[in-house]
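The values are calculated or read from the model by the stated rules, or taken from the named source; none is laboratory data. All figures in this text were calculated on a predicted structure; none of them were measured in a lab. Quick reminder, even Gly has a Cβ in these numbers, built from the backbone with ideal geometry, and neighbours come from all protein chains shown.
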Amino acid sequence: MKPLSQPLDRRAAFTLTELALCIAVVGIALTAIIGVLPSGLSVQKQNREDTLVAQDAQFLIESIRSGAMAIPDLTNQVDFILWRRTGAQRQDFYFRGPNYQETLPGTVIPLTASWQVTALLGMPRYEAVPAGIVQNEVTAQFRTFSSPFSEKSYRGVGGRPEQSRLETAMRYLVTSETQTTPTRPLLILNNYTNVAASNIVANQMLRIEQGLSDLRLTFQWPVYRVGGDFRAGNSRRSYRSLVRGDRDLLTTNFLGTLHPAFRFNGGRTNAIPSLN
């Protein structure tokens, strides 16, 4: 056999030391990336919850302001509402949404219509009764209205909601406070030479004040299960809005509580006389 006239070509390659260094560098980089991932996922989750709460706050404010009477989601997405009366009268009333199956203390009243939800959320903070002043505290637990369809209370066989959908839905607590703007006695405006005209202007100012209410919704989220109970997280935000309009009486015996219920009438106020 004829010997090769040229020597074999020798190619350079990585040594075991260089491979070990490369693996170490990649491992350090992956450790840093994996360490950042939980933080990024937490921020994404928090941003999603903030967005859902902001959208729901606008929806609830508009529903209360307009005195909504027929919005099915108001009853479908509510778990329960606690109406607590303190001061001259001390009473607790629990109202249950149609899809909530957990145990509630005391006598529980079912919610069957959306106007009942808006009436409770629009309850005045302070109420005058023959025995003195009553302070109303209304707290509701909702599943977010803006959640995807997979978290909605879809009803399957037998007309019962699928509990697996309700368990994964985001929940929050909302506390509603409604205070009517304080009124003042009628004033005679001296800059009007016509006394009748000055009285009309004073009546106009008084009626405008009487038709304004301050609405505040305070949200706490997320609500999560601890054993057999639900607890609210540390996230908290308040939304405020002025509501213009008088209150219309809905009933003098709200769901058997022997107390009246009202709703805002969407901005309508008593007729204001003209200056002419």
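With the condition kept exactly as written, say whether any residue in region 39-55 is in contact with a Ser or Thr (Cβ under 6 Å, 6 or more places away or on another chain), hydrophobic (A, V, I, L, M, F, W, C) and at pLDDT 85 or above. Don't jump to the end; show me each part of the working.
So in region 39-55, the residues in contact with a Ser or Thr (Cβ under 6 Å, 6 or more places away or on another chain) come out as 52, 55.
Those still in the list that are hydrophobic (A, V, I, L, M, F, W, C) too: 52.
Next cut, at pLDDT 85 or above only: 52.
Yes: one or more hits.
Please work out which residue is surrounded by the most Cβ atoms within 10 Å (Cβ to Cβ), limiting yourself to region 28-59 and to residues that are of a type in the set (Val, Ile, Thr) and within 23 Å of TYR172 (Cβ to Cβ).
Just the residues of region 28-59 that are of a type in the set (Val, Ile, Thr), to begin with: 28, 31, 33-34, 36, 43, 51, 53.
Applying the additional criterion that residues be within 23 Å of TYR172 (Cβ to Cβ) yields 43, 51, 53.
Values: VAL43: 10, THR51: 12, VAL53: 25.
Only one residue tops the list, namely VAL53.
Among the residues of region 12-24, are any at pLDDT below 80, over 23 Å from PRO222 (Cβ atoms) and surrounded by 10 or more Cβ atoms within 10 Å (Cβ to Cβ)? Quick ask: steps written out before the conclusion?
Quick first cut of region 12-24, residues at pLDDT below 80 only: 12-14.
With over 23 Å from PRO222 (Cβ atoms) added as a condition, the list becomes 12-14.
Those left that are additionally surrounded by 10 or more Cβ atoms within 10 Å (Cβ to Cβ): 14.
Yes, the conditions are met somewhere in region 12-24.
If you take the residues in region 113-147 that are among the small types (Gly, Ala, Ser), assigned to a loop (DSSP other than H, G, I, E, B) and in contact (Cβ under 8 Å) with a residue 60 or more places away in the chain, which one is surrounded by the fewest Cβ atoms within 10 Å (Cβ to Cβ)?
The first filter runs over region 113-147 and keeps only residues among the small types (Gly, Ala, Ser), leaving 113-114, 119, 122, 128, 131-132, 140, 146-147.
Among the residues that remain, those that are also assigned to a loop (DSSP other than H, G, I, E, B) are: 113, 122, 131, 146-147.
If we keep only those that are in contact (Cβ under 8 Å) with a residue 60 or more places away in the chain as well, we get 122, 146-147.
Working: GLY122: 22, SER146: 15, SER147: 17.
The selected residue is SER146.
Here are some residues: LEU255, LEU242. Which one is outside any strand (DSSP E or B) and modelled with pLDDT of 75 or more? Please lay out each step first, then the result.
On the way: LEU242 fails: outside any strand (DSSP E or B).
LEU255 is the lone residue from the list that is outside any strand (DSSP E or B) and modelled with pLDDT of 75 or more.
Hey, among the residues in region 76-110 that are at pLDDT below 90 and in contact with a Pro (Cβ under 9 Å, 6 or more places away or on another chain), which one's nearest to PHE230 (Cα to Cα)?
GLN101
What's the total number of residues in region 214-239 that are assigned to a strand (DSSP E or B), modelled with pLDDT under 85 and over 14 Å from GLN141 (Cα atoms)?
In the first step, residues of region 214-239 are kept if they are assigned to a strand (DSSP E or B); the result is 214-226, 229-239.
Now restrict to residues that are modelled with pLDDT under 85: 224-226, 229-231.
Adding the requirement that they be over 14 Å from GLN141 (Cα atoms) leaves 226.
Counting residues in region 214-239 that are assigned to a strand (DSSP E or B), modelled with pLDDT under 85 and over 14 Å from GLN141 (Cα atoms) gives 1.
So which of LEU52, LEU104 ends up being in a helix (DSSP H, G or I) and of a type in the set (A, V, I, L, M)? If you could, list the steps in order and put the result at the bottom.
On the way: LEU104 fails: in a helix (DSSP H, G or I).
Going through LEU52, LEU104 in turn, just one is in a helix (DSSP H, G or I) and of a type in the set (A, V, I, L, M): LEU52.
Name every residue in region 217-265 that is β-branched (Val, Ile, Thr) and in contact (Cβ under 8 Å) with a residue 40 or more places away in the chain, in order of residue number.
Here is the first cut: in region 217-265, the ones β-branched (Val, Ile, Thr) are 218, 223, 226, 243, 251-252, 257.
Residues satisfying the conditions are THR218, VAL223, VAL243, THR257.
Please go through (1) modelled with pLDDT of 85 or more; (2) touching a helix residue (DSSP H, G or I) at 6+ places or on another chain (Cβ under 6 Å) for ARG125 and return the number of the only condition it doesn't satisfy.
Against the list (1) modelled with pLDDT of 85 or more; (2) touching a helix residue (DSSP H, G or I) at 6+ places or on another chain (Cβ under 6 Å), ARG125 comes up short only on (2).
For residues that are among the acidic types (Asp, Glu) and either surrounded by 20 or more Cβ atoms within 10 Å (Cβ to Cβ) or within 24 Å of ARG236 (Cβ to Cβ) (or both), scanning just region 148-182, find the one that is modelled with the highest pLDDT.
As a first pass, look at region 148-182 and keep what is among the acidic types (Asp, Glu): 151, 162, 167, 177.
Next, only the ones that are either surrounded by 20 or more Cβ atoms within 10 Å (Cβ to Cβ) or within 24 Å of ARG236 (Cβ to Cβ) (or both) stay: 151, 167, 177.
Numbers: GLU151: 67, GLU167: 73, GLU177: 92.
Taking the candidates together, the pick is GLU177.
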